[in-house]
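J.: Take a look at this one; I'll ask things after.
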Amino acid sequence: YLGTRAVVMMYDWTARRYNAIKKVRPVYEMYFLGAPLGERLPVREPRVLDVATGTGRLPATLLDGALYGGIVIGVDHSLPMLEEAVSALGSYDGKATFIQGDAHRLMFGDNAFDAVSCLEALEFMRDPRAVVREMIRVLKPGGSMLVTNRVGWEAWLFPGRYCRRGKLETLLDKLGMQNIDTHRWQVYYDLIWAVKPESVQTEDERKVNEA
């Protein structure tokens, strides 16, 4: 609610100690994020986009998986956070790429990625709905989406941001996503998986068909 500049500044200030603040544990990251996402990538050389990638937590846990043979692109507004990600994943020989950019206007073509993720970030976006629509746009039909939904007590402090259980799931359903599956993850967040169908109807088309 303070605007994009204030949010980015907050992450700029905490970039170097962000992983320590979040108490990132690689074993947990692999169990809850890397392994499940890897299982949803049937193609041999998948392309994954991580929106609001921060210090590259999702790319790191995915690339640490011995069976993952694709590439991961991370997008974030905060340059210091991206610098931390590059420093941590620079040894992956081109399999991890990080780009400074706006999640509301992703710089990729339609149907470009086999999976798209956005963790612990949507509630801080200026327009979460627009970000989700962009993620769906760049996701290939049949591809998987992984997003988090803020569900802790402080979720009430984010009115209009699709927080609290059921809010984000309803949005994904309205936008045509399928196989929506929610898993409890942390005190503050749920993990939500969804699949982009082969043909996505617009909201107006769905209303006509339902009528």
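No lab work stands behind these numbers, since they all come straight from the coordinates. This is a predicted model, so every value here is computed, not measured. Virtual Cβ from ideal backbone geometry, glycine too; neighbours counted across all protein chains shown.
J.: Classify the range 70-211 from the C-alpha gyration tensor, please: rounded if a/c falls under 1.5, else prolate or oblate depending on whether a/b exceeds b/c. Intermediate results must be reported in sequence, preceding the final value.
T.: Numbers: a/c = 1.91, a/b = 1.29, b/c = 1.48.
In terms of gyration-tensor shape, oblate.
J.: Over the chain, what relative contact order in percent results from Cα pairs under 8 Å that are six or more residues apart?
T.: Working: 378 pairs, mean separation 34.0, N = 211.
Result for the chain is 16 percent.
J.: Once the cut-off is 16 Å, how many percent of the Cα-Cα pairs in the range 108-177 end up in the long-distance tail? Don't skip to the answer; put the middle values down first.
T.: Numbers: 1090 of 2415 pairs.
When all Cα pairs of the range 108-177 are counted, 45 percent exceed 16 Å.
J.: Please list, short to long, the whole-number percent of alpha-carbon pairs of the range 34-78 in consecutive 10 angstrom bins beginning at zero.
T.: Pair shares across the bins are 29, 57, 13, 1.
J.: Further question: Quick one: net charge around TYR31, please, counting Lys, Arg +1 and Asp, Glu -1 for every other residue with C-beta under 13 Å from its C-beta. If you can, show how the numbers build up before the last one.
T.: On the way: positive: ARG25; negative: GLU29, GLU39, ASP64.
The answer is -2.
J.: With a 10 Å cut-off between alpha carbons and a GNM built on the chain, which of THR61, THR97, THR14 moves the most?
T.: THR14
J.: With a sphere of radius 15 Å drawn around the Cβ of GLY69, what net charge do the other residues whose Cβ falls strictly inside it have (Lys, Arg +1; Asp, Glu -1)? Intermediate values should be presented prior to the final figure.
T.: Working: positive: ARG40, ARG44, ARG47, LYS95; negative: GLU39, GLU45, ASP64, ASP93, ASP114.
Net local charge, GLY69 excluded: -1.
J.: Might you report the magnitude of the Cβ-based charge dipole of the range 5-148 about its Cα centre, with Lys and Arg at +1 and Asp and Glu at -1, to the nearest 20 debye? Spell out each step's value before the answer.
T.: Details: 17 positive and 17 negative charges, 41 e Å.
In total the dipole reaches around 200 debye.
J.: Let me ask something else about it. For the range 17-127, taking Cα atoms only, what is the radius of gyration to one decimal and the Dmax to the nearest whole Å?
T.: 13.2, 37
J.: Taking 10 °C and 1.306 mPa s as the conditions, I'd like the Stokes-Einstein D for the range 1-72 in µm²/s, using the Kirkwood hydrodynamic radius from alpha carbon pairs. Could you put the intermediate results ahead of the total?
T.: On the way: Rh = 13.6 Å.
Calculated translational D: 116 µm²/s.
J.: Would you mind calculating the relative contact order of the range 11-108 from Cα pairs under 8 angstrom and at least 6 residues apart, reporting the percent as a whole number? The partial results should precede the final answer.
T.: Values: 148 pairs, mean separation 28.2, N = 98.
Computed over the range 11-108, the figure is 29 percent.
J.: What is the percent of Cα-Cα separations in the range 145-202 that go past 19 Å? Please list the in-between numbers first.
T.: Values: 471 of 1653 pairs.
Across the range 145-202, Cα pairs with separations above 19 Å total 28 percent.
J.: Which entries in LYS95/LYS140; LYS22/LYS95; LYS95/LYS167; LYS22/LYS196; LYS140/LYS167; LYS23/LYS140 show an alpha-carbon gap greater than 28 Å? Display every interim value, and only then the final one.
T.: Working: LYS95/LYS140 20 Å; LYS22/LYS95 25 Å; LYS95/LYS167 34 Å; LYS22/LYS196 30 Å; LYS140/LYS167 24 Å; LYS23/LYS140 33 Å.
From LYS95/LYS140; LYS22/LYS95; LYS95/LYS167; LYS22/LYS196; LYS140/LYS167; LYS23/LYS140, over 28 Å: LYS95/LYS167; LYS22/LYS196; LYS23/LYS140.
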